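The values are calculated or read from the model by the stated rules, or taken from the named source; none is laboratory data. Everything quoted here is computed from the prediction, not taken from an experiment. Here the Cβ is made from the backbone with ideal geometry for all residues, glycine too, and neighbour counts use every protein chain on show.
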Amino acid sequence: MRPIIQVSGLEKHFKVFKHHRGLWGSLLNLATRQYSVVRAVDGITFEMQPGELVGYLGPNGAGKSTTIKMLTGLLVPSAGELRVNGFVPWKERQAYVARIGAVFGQRTTLWWDLPVIESLDLLQYIYQIPTDRYHQNLAEFRQLLELDPFLNTPVRSLSLGQRMRADLSAALLHDPTLLFLDEPTIGLDVVAKERIRQFIGHINRQRGTTIILTTHDLSDVEKMCERVMIIDRGRLLFDGQLSTLRERFGGKRQLVVDFAEPYEDVSINGAEVYKQDGLRATYGFDGKEITASELIGRLSTRYRIHDLEVRAPDIETTIRRIYEEGLLESTR
Amino acid sequence: MRLYWELSKLAFQRQITYRAATLAGLVTNLFFGLLRVAVLMALYGSRSQVEGISAADAITYTGISQGTIAFLSLFSWYEVMNSVYTGAVASDLLKPMSYFSFWMAQDFGRAIASLLLRGAPILAAYAFLFDITYPRGVGGWAAFGLALILAWLVSFSWRFLVSLAAFWTPNAQGIGRLAFIVSWFLSGFMMPLRFFPDWFISLCYLTPFPHMVNTIIEVYLGLLAGPQLVAALSAQAVWVLVLIATGRIVLGAGLRRLVIQGG
Amino acid sequence: MKAWNALGIYHRLVSVKIRGQLQYRLSFLSDVIATGLITTLGFGTLALVLQRFENIGGWSLAEIAFLFGMVETSFGTMDMLFSGFDPQGFGQHVRRGTFDQLLLRPVGITVQVLGSEFILRRVGRIAQGLVIFGFALATLEIDWTAAKILYLPVVFASLVCFFGGLFITGATFSFWTVEALEVINIFTYGGNEMIGYPAHIYPDWMRRTFTFIIPAIFLNYYPALFFLDKPDPFGLPVFAPFLAPLVGLGSLFAALAFWRFGIRHYQSTGT
């Protein structure tokens, strides 16, 4: 299969104005102006196959949304090659955007004052969606996303979750082959998140829509994506299967212990104390060297234990470790 | 007191942060000033003076009125309204100071920054381009300074009062817009009030508006002698008191409404 | 076909906007009145002051009303049609990133911006401009010829195009700076204010700027000389009053070219 997205050596540089601080600084800002160049995206290479659902992760300011802006044709790259869906996005904007969908969690594509259904009707016209196809899609989304209760409500009066459901429908009405989701679950409660995730997974499986998803909610990734890309300071730190990430960097399991009485020194052979907070201590241990029951045995001979819990390495800890310890710096 | 000083300082800094905006504002104010000079000179024709205002005075008048646009926020000021609409008002009310003083301190910093960065350069540009007039002696400058401060107080307490409409209606910006437009025409900002028919002047002086612009101009140009000067400055002071008192009453009613309706 | 489609989309977008504004009838009405108030009060000020000064640069109140009414009416019309390009509002779209949403739709960007706003309350300004223009027509005894009658709507349309060009230019500047956008007011509101008065009251440098650099003088002053049968004080060629459509369309097209350039710049820098 030919890849749907081909990116090589992609870069984007911005000029940034340096601010001075304080009263004197603000006077200085009036008089002088200094710029520095920021490499928001600094040489990224990857490919995506049709039908993939990829999580694109990174802390704030890592270059996630700059990448997405280049992929959607909003920004022209400073350097590198970019081919999506057979197009160079920024060169053939109108033809290109007709075949993609995009949802930016922070803002809506819908018309603020209009009832949802009228916004969708307007989009049918704008994307020139054949009428029967439009109704077919609309019926499906109404059912899957339960749009009916607020179909006639103006967008400005929708809750965040409702708005996201409406926006997802809007982005998919014209059967895009590729869907960009920027923080689709931001600010939603657990139930709403789950509904959105199920829908995204469903679209990916049933329609074969290729989806690239940026998020900083890692449970999004754990529940939906097989492949993840991690970006930090403009560079791709990891690109591969989620399971590989876990194996390589998942590292230690955790044991959380609540002691029955306070101890000053809670160290133990075979485990490392991550955190000690009052009566509670968190240990990290390597499952290959010591089993959980062995460790608990050792602990209970030395301390009086009230309660305990064993935790598997979750992706959040994994990624935090990658950032904090610069684990991937060397593998680049 | 230290709190107020800090608030003013912050507002001052905020105001001078935007170099491009300041420069753009200056250029715009100056351009419109030149436009107004041309219109006034066309009106004057061959007259050397009208109602005690010489041609040079008239030119100076446009400089002063353009220079006070930013200082008095003559075109727009929706900060209080926005704080009501965004709900920021709730946390402002928790601060250990009166809501009125909280905003007055900030507006003071903003006004002083505007006076220095927008007012003074415009007057300097006018001095360079035209043969403008100046207040007579130290006394003249002192009277002008006092009139400026009183004008700012009238202007602020008026703007604050109008902003309180936000407690009652979701469309207070429309009311604000209307209030600003009316103030341009009745304050002497468009034309010195002396050029108008007498009935219109009397009408203007029933409102607080002439005390924002027209008074500072007449004081600057030295059109008011001894007792007239004292009367003009006192009239400004009286309006300040009236507007502040009204503002307090209305604010109280607005806050009660806010508490009862929960915003 | 493509142009037809664009027109259809424009129509749909605009009707959405209009319906939205008519939802709140009372606030709409008060907005209409407030919008026109500046026009009326501005003219009223001049009328009151002229009781003391009699004329302005040799022109009577009614003659000024001819210029002023024409400019206000056409500026108001432009302000309504080109609301989407209003530099202030458009600058906000760019800053908030909502402009990006338009770039993600498979429709020409100019049509979308044009259709993104349609501020109906500007009819207040148009109406009050027309009243002032009507006052001029009723007071002045204009010697109407067939040429004058045919040329009048052309002048109006040219003014609308010219002001539209200014708005588009202003909107384009917001791709570079949002802070310094106030300068645009010089050209839009300043230009509007300026050509409301006869050009001979301005100092030479100002008048030359508006003759040779931004040729606004041909849109209002020279046509007015023609309609009112006044002599040209500057001795330009006899066809000067008839340059209005050329200048109007020319500035609109120049502005659109700059707009395209601005969008390319935006795509290379973002904001």
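Does B:Phe32 satisfy the condition of being within 20 Å of the chain's Cα centre (by Cα), part of a loop (DSSP other than H, G, I, E, B) and within 30 Å of C:Ile64 (Cβ to Cβ)?
Working: within 20 Å of the chain's Cα centre (by Cα): yes; part of a loop (DSSP other than H, G, I, E, B): no; within 30 Å of C:Ile64 (Cβ to Cβ): yes.
Against the criterion (within 20 Å of the chain's Cα centre (by Cα), part of a loop (DSSP other than H, G, I, E, B) and within 30 Å of C:Ile64 (Cβ to Cβ)), B:Phe32 does not qualify.
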Checklist entry - Can you name every residue in the range B:160-195 that is under 23 Å from B:Leu34 (Cβ atoms) and either away from every other protein chain (no Cβ under 12 Å) or not in a helix (DSSP H, G or I) (or both)? => result B:Ser187, B:Gly188, B:Phe189, B:Met190, B:Met191, B:Pro192
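Just give me the residues in the range C:85-105 being at the interface with chain A (Cβ under 7 Å from one of its Cβ atoms) and either of a type in the set (A, V, I, L, M) or in contact with an Asp or Glu (Cβ under 8 Å, 6 or more places away or on another chain) (or both), in sequence order.
Applying the first criterion (at the interface with chain A (Cβ under 7 Å from one of its Cβ atoms)) to the range C:85-105 yields C:97-98, C:100-101, C:103-105.
Result: C:Leu103, C:Leu104.
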Next on the checklist: Quick check on this structure: which one of C:Phe226, C:Phe253 is at pLDDT 90 or above, part of a helix (DSSP H, G or I) and over 25 Å from C:Phe173 (Cα atoms)?
Outcome noted: C:Phe226
Checklist outcome for this item: Flagged in the range A:83-115 as of a type in the set (D, E, K, R) and either closer than 13 Å to A:Pro176 by Cβ or modelled with pLDDT under 90 (or both), in numbering order, are A:Lys91, A:Glu92, A:Arg93, A:Arg99, A:Arg107, A:Asp113
Checklist entry - Which one is surrounded by the fewest Cβ atoms within 10 Å (Cβ to Cβ), of the residues in the range C:13-35 that are touching a residue at least 40 places away in the same chain (Cβ under 8 Å) and facing chain A (nearest Cβ under 10 Å)? => result C:Gln21
Checklist outcome for this item: Listed by first then second residue, the pairs whose first member lies in the range A:162-186 and is under 21 Å from A:Pro50 (Cβ atoms), whose partner is aromatic (Phe, Trp, Tyr) and in a strand (DSSP E or B), with beta carbons under 7 Å and at least 6 positions apart or on separate chains, are A:Asp182/A:Phe104
Checklist entry - What number of residues within the range B:1-28 are surrounded by 18 or more Cβ atoms within 10 Å (Cβ to Cβ), more than 12 Å from B:Leu117 (Cα to Cα) and more than 9 Å from chain C (Cβ to nearest Cβ)? => result 3
Checklist entry - If you scan the range B:123-143, which residues turn out to be surrounded by 21 or more Cβ atoms within 10 Å (Cβ to Cβ) and hydrophobic (A, V, I, L, M, F, W, C)? => result B:Ala143
Checklist outcome for this item: By residue number, the members of the range C:164-208 that are away from chain B (no Cβ under 11 Å), surrounded by fewer than 21 Cβ atoms within 10 Å (Cβ to Cβ) and of a type in the set (Val, Ile, Thr) are none
Checklist entry - Among the residues of the range C:173-194, is any of a type outside the set (Gly, Ala, Ser), in contact (Cβ under 8 Å) with a residue 60 or more places away in the chain and within 23 Å of C:Gly58 (Cα to Cα)? => result yes
Checklist entry - Can you name every residue in the range B:196-233 that is within 13 Å of another protein chain (Cβ to nearest Cβ) and either surrounded by 20 or more Cβ atoms within 10 Å (Cβ to Cβ) or in a loop (DSSP other than H, G, I, E, B) (or both)? => result B:Phe196, B:Pro197, B:Phe209
Item to check | Conditions (1) surrounded by 16 or more Cβ atoms within 10 Å (Cβ to Cβ); (2) more than 23 Å from C:Ala157 (Cβ to Cβ); (3) in contact with a Ser or Thr (Cβ under 8 Å, 6 or more places away or on another chain); number of the one not met by C:Phe261 | outcome: (1)
Checklist entry - Do we have C:Ala180 as in a helix (DSSP H, G or I) and out of contact with any helix residue (DSSP H, G or I) (no Cβ under 6 Å at 6 or more places or on another chain) here? => result no
Next on the checklist: Take the conditions surrounded by fewer than 16 Cβ atoms within 10 Å (Cβ to Cβ), within 12 Å of chain C (Cβ to nearest Cβ) and among the aliphatic types (A, V, I, L, M) and apply them to A:Ala102. Does it pass?
Outcome noted: no
